[in-house]
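Notes follow once the structure below has been shown.
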Amino acid sequence: MRTRFAPSPTGSLHIGGLRTALFNWMFARRHGGRFILRIEDTDQKRYEPHSLEELTEALRWAGLNWDEGPDVGGDYGPYIQSERRELYQTWANWLIENDKAYYAYETAEELDQMRKEQMARKQPPGYNRQHRTLSADERAAFEAEGRVPVVRFKMPLEGDTAIEDVIRGRVVFENATLQDMVLLKADGLPTYHLAHVVDDHFMEISHVMRAVEWLPSLPVHWQLWLAFGWEPPIYAHLPVILNPDGKGKLSKRKPPKDKHGNPIPVMAHDFMKAGYLPEALDNFLANIGWNFGDDREFFYIKDAVERFELERINEANSTFPTEKLEWLNGLHIRELPVDELAARLRKPLEDAGLTVDQDLLLKVTPQVQTRIKTLNEVVGLAGFFFKPEFTPAPAEAIIQKKMDAAATAQALARSRAMLAGVDDFTTQALHDAIQPLTEELGLSNGQLFGVLRVAVTGQTISTPTFETMEIIGKDETLRRIDLALAQVGG
RNA sequence: GGCCCCAUCGUCUAGCGGUCUAGGACGUCACCCUUUCAAGGUGAAGACACGAGUUCGAGUCUCGUUGGGGUCACCA
């Protein structure tokens with residue numbers, strides 16, 4: 001079995017594209033087949049130089065390794081379509097010679113004009129096939145004008161084209177409603193239609209998994225396979241991911257927002273930068289349109305591979321369920337070994353301008369592990385550990401509910417005195433030392449521990465108080481309490 | 001508009017004629033735990049779009065309606 005992912009290098013990788021790649025990859029791995037990366041760069045106008053790097057970077061990040069491709073080679077190369085020009089031209093000529101295709105001489109402007117007029121007359125837009133039956137003389141006349149023709153496919157004018165799609169069943173199209181698609185452009189490069197059939201034939205692709213938006217052109221591709229006399233692959237048209245509001249497919253053009261109005265990432269790189277784990281993103285993507293099969297939603301992709309079946313793909317489109325990604329990412333973070341999580345936490349911390357000491361990072365990591373849903377959240381929750389200068393919180397943050405400055409100052413002073421006498425500066429010992437003070441001061445745990453938390457961390461939401469004290473040590477703890485005392489006017 | 005695809009809780013989904021008084025998950029809400037925030041535990045609310053058929057029996061099959069999506073480029 002051979003599958004492929006064939007993105008065009010027109011930008012970074014769309015999350016929908018990543019899912020298509022993931023499904024193709026899982027299918028190949030499931031069956032011990034080959035997963036191929038092919039670059040569809042036949043549109044020189046939309047080509048973006050850096051996108052190939054971004055594409056491969058995102059795929060590698062997601063763990064989707066390919067067995068053949070532009071950088072790794074293979075027996076079916078080249079894997080970049082612009083390097084396969086002659087192949088397409090050869091086979092376009094073959095179609096012409098066998099009366100399966102023809103030259104059409106209209107310019108893009110003329111076609112555009114034709115469409116506009118059709119629209120104005122409320123007719124369905126489309127090529128009128130006026131050059132399908134050109135005589136040799138007529139062609140010569142156009143050539144003499146200096147016109148460069150395109151090659152168009154001669155679609156059958158009658159009958160139906162019925163194709164079996166693995167996930168949708170039998171799909172039937174009336175040939176009369178179909179177009180004579182352009183196969184080879186005036187610049188000598190193929191359109192997707194020709195390139196898809198020629199490449200998938202010569203690369204011996206067995207299964208084509210692509211998004212449903214390709215379904216309308218499936219009959220054209222099918223007729224092409226028939227015209228060439230080649231055996232078509234098995235087709236599977238995947239459902240698309242819709243915007244969270246359910247309106248239209250997820251697109252970077254109109255940035256989607258979640259229910260709180262926050263922008264939702266669309267490109268693979270956005271997810272990478274937002275602090276999601278590749279294992280969580282893969283898990284998430286595999287859960288859209290497919291399911292593990294036993295109500296399990298949290299899983300590792302290697303386990304999903306063992307159960308992957310095209311027949312179990314849901315044919316319905318789905319809205320982008322971003323809240324589930326948050327949840328899954330949190331779960332994957334919690335499952336990571338501490339040293340592994342620490343390693344992944346380093347980058348966001350450093351990106352925030354902090355200097356990260358490895359020993360300190362290893363101590364802080366367990367304290368944030370159950371508290372963050374994305375890697376980036378570590379900065380807000382525990383960034384203070386790595387700041388060169390501690391910034392004390394303002395008095396109003398230190399003073400807890402139903403307390404005033406005087407009571408707060410007293411709580412701080414008494415705590416400081418107790419803490420000063422603690423030599424074993426560990427969480428349990430600290431807790432035991434401070435706990436009795438609540439009764440003495442007439443405060444609840446929440447009040448007293450809250451005062452200390454804000455004093456020591458500088459934040460109202462933070463890592464746990466005594467754990468934090470243990471990590472920063474006795475001297476620093478006492479120093480911060482003194483600073484807090486000053487803040488509340490003690 | 002033509003053609004094509006799709007339709008189960010707010011969302012992602014299980015369901016492939018009877019075991020469905022429709023299961024799970026996220027989210028939401030309540031309670032428990034609790035030094036903040038989380039995590040964890042328990043529980044609650046919440047869906048078969050509609051209408052005809054077929055059948056002893058339909059969420060499951062057929063048709064229609066409605067709704068949503070895709071596509072109609074010398075882009076993929």
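Odds and ends about this structure:
- Across segment A:309-336, the number of residues qualifying as more than 8 Å from RNA strand B (Cβ to nearest atom), under 24 Å from A:Val208 (Cα atoms) and out of contact with any Phe, Trp or Tyr (no Cβ under 8 Å at 6 or more places or on another chain) comes to 1.
- Only listed residue being crowded, with 18+ Cβ neighbours inside 10 Å and within 12 Å of RNA strand B (Cβ to nearest atom), chosen from A:Pro239, A:Pro233: A:Pro239
Conditions (1) more than 30 Å from the chain's Cα centre (by Cα); (2) open to solvent by 20 Å² or more (accessible area, probe 1.4 Å), marked per residue:
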{"residue": "A:Arg139", "(1), (2)": "yes, yes"}
{"residue": "A:Glu145", "(1), (2)": "yes, yes"}
{"residue": "A:Ile163", "(1), (2)": "yes, no"}
{"residue": "A:Asn175", "(1), (2)": "yes, no"}
{"residue": "A:Gln179", "(1), (2)": "yes, yes"}
{"residue": "A:Thr191", "(1), (2)": "no, yes"}
{"residue": "A:His196", "(1), (2)": "no, no"}
{"residue": "A:Trp214", "(1), (2)": "no, yes"}
{"residue": "A:Leu218", "(1), (2)": "no, no"}
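- Filtered residue count, segment A:146-162, keeping only those that are farther than 22 Å from A:Leu189 by Cα and in contact (Cβ under 8 Å) with a residue 24 or more places away in the chain: 2
Conditions (1) open to solvent by 80 Å² or more (accessible area, probe 1.4 Å); (2) under 17 Å from A:Asp199 (Cβ atoms); (3) out of contact with any helix residue (DSSP H, G or I) (no Cβ under 9 Å at 6 or more places or on another chain); (4) free of Cβ contacts under 8 Å to residues at least 12 places away in the same chain, marked per residue:
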| residue | (1), (2), (3), (4) |
| --- | --- |
| A:Ile36 | no, yes, no, no |
| A:Thr42 | no, yes, no, no |
| A:Lys45 | yes, no, yes, yes |
| A:His50 | yes, no, yes, yes |
| A:Glu53 | yes, no, yes, yes |
| A:Thr56 | no, no, yes, no |
| A:Pro70 | no, yes, no, no |
| A:Gly74 | no, yes, yes, no |
| A:Gly77 | no, yes, no, yes |
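- Criterion: more than 11 Å from RNA strand B (Cβ to nearest atom) and farther than 28 Å from A:Pro232 by Cα - qualifying residue of A:Thr107, A:Thr133: A:Thr133
- Test: residue in segment A:294-302 that is under 27 Å from A:Gly33 (Cβ atoms), buried (at least 17 other Cβ atoms within 10 Å of the Cβ) and within 16 Å of RNA strand B (Cβ to nearest atom): yes
- The residue list A:Leu381, A:Leu375 contains one member that is modelled with pLDDT of 95 or more, assigned to a loop (DSSP other than H, G, I, E, B) and under 41 Å from the mean Cα position of the chain (by Cα), which is A:Leu375.
- Checking every residue in segment A:183-205 against the condition of being farther than 16 Å from A:Arg4 by Cα and in contact with a His (Cβ under 8 Å, 6 or more places away or on another chain) gives at least one match.
- Taken together, A:Glu83, A:Glu117 contain a single residue that is within 13 Å of RNA strand B (Cβ to nearest atom) and without any contact (Cβ under 8 Å) to a residue 24 or more places away in the chain, which is A:Glu117.
The values are calculated or read from the model by the stated rules, or taken from the named source; none is laboratory data. Quantities reported herein were computed from a predicted structural model and do not represent experimental measurements. Glycine also receives a Cβ, built like all others from the backbone with ideal geometry; neighbour counts cover every protein chain displayed. To get the accessible areas, we keep the full protein, side chains included, count just its heavy atoms, and leave off ligands, DNA and RNA. Shrake-Rupley method; radii C 1.70, N 1.55, O 1.52, S 1.80 Å.
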